[in-house]
Amino acid sequence: MPISKTQTQSPFPAFEIEQENAPQRYMPIPTPASLRQTVLFGIPLRSFLTGEEVSDAALQHYIDEAISEIEHILDLYITPVTFRERHDYSAHLQWWSFGYMKVQHGPILDVQKFQLTFNNGTGAPGSFPLIDIPLEYIHTQPMEATVQLVPANGVTISGFIASLYSGMAFHALGAGGINNWPGAILVEYRAGFENGKVPALLVGLIENLAAFKLLSIMGPILFPHNGVSISIDGTSQSTSTLGPGFLQNRLKDLQDMIDKQMDAAKGYYQKRFLIDYI
């Protein structure tokens, strides 16, 4: 019975098959409640002017913004996302590099579809794929976000070529000397992190970035000045608050942590440089 997807890979730790006595490598996606108990613990989230408390809806807004910013910067998806891409066909890469292809997003969780089609159809009647590649032939390098075609267990090279590259239109393409075809490869795959398997590093980055955004915008409302003094008929009373000085120090600490966490994520998930083939 054909498989419906390739084996699901774990982005972190990469290529792991078992974890023994594991520390808490994964954490839940931050919520307003968890944010109040971690990076915002002890901070009076209340307007000094109106007395209004920062709502959970406002905290969720900054959490969502932080997740979106991280996904845009790192091209890492906190929950699984399914992508459908079309890539150009290259006879050279197909024959001599086992169909080597780099997809747009990674790390790859699994591949659900790999097809060859030499028309510009979209799945409507009359535009079905010429060749639907068995997923048993799909070999992935998840961290590099690459896909190749390799014979399945028990399949010879000659049988692999005969079963893979078949069809009159495909042979006519080769006989005509056409080595490249735009958008002939359609691949469907998932990238991101499975539910419950978001690395603690990224969860911490989300928390710190959400707190930084909140305090940057609402800081002057939460900490308007350092102290208040009241004097009536020779009697005075004063009180001091955390004030803008505390706010600036807290923002600096958060920015330092964000920079270190972002740099660590770029390094591990190979997002520091853009690497491609020509």
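None of the figures in this text is laboratory data; all of them are computed from the coordinates on show. In this text the structure is predicted, and so the values were computed from the model without any measurement. Cβ: placed from backbone, ideal geometry, glycine included. Neighbour counts: every protein chain shown.
Highest mean packing first, where packing is the average number of other Cβ atoms within 10 Å per residue, the peptides 199-205, 27-33 line up as 199-205, 27-33.
Counting alpha carbon pairs within less than 8 Å and at least 6 residues apart, what relative contact order, in whole percent, applies to segment 1-155?
On the way: 153 pairs, mean separation 42.6, N = 155.
That works out to 27 percent.
Taking a ≥ b ≥ c as the square roots of the eigenvalues of the Cα gyration tensor, an a/c ratio of 1.5 or more together with a/b larger than b/c marks segment 1-118 as prolate. Within the straight-line cut-off of under 19 Å between alpha carbons, the lysines reachable from Lys252 are Lys213, Lys260, sequence neighbours fewer than 8 places apart in one chain being disregarded. Sorting 8-18, 134-144 by average packing, meaning the other beta carbons within 10 Å per residue, from highest down gives 134-144, 8-18.
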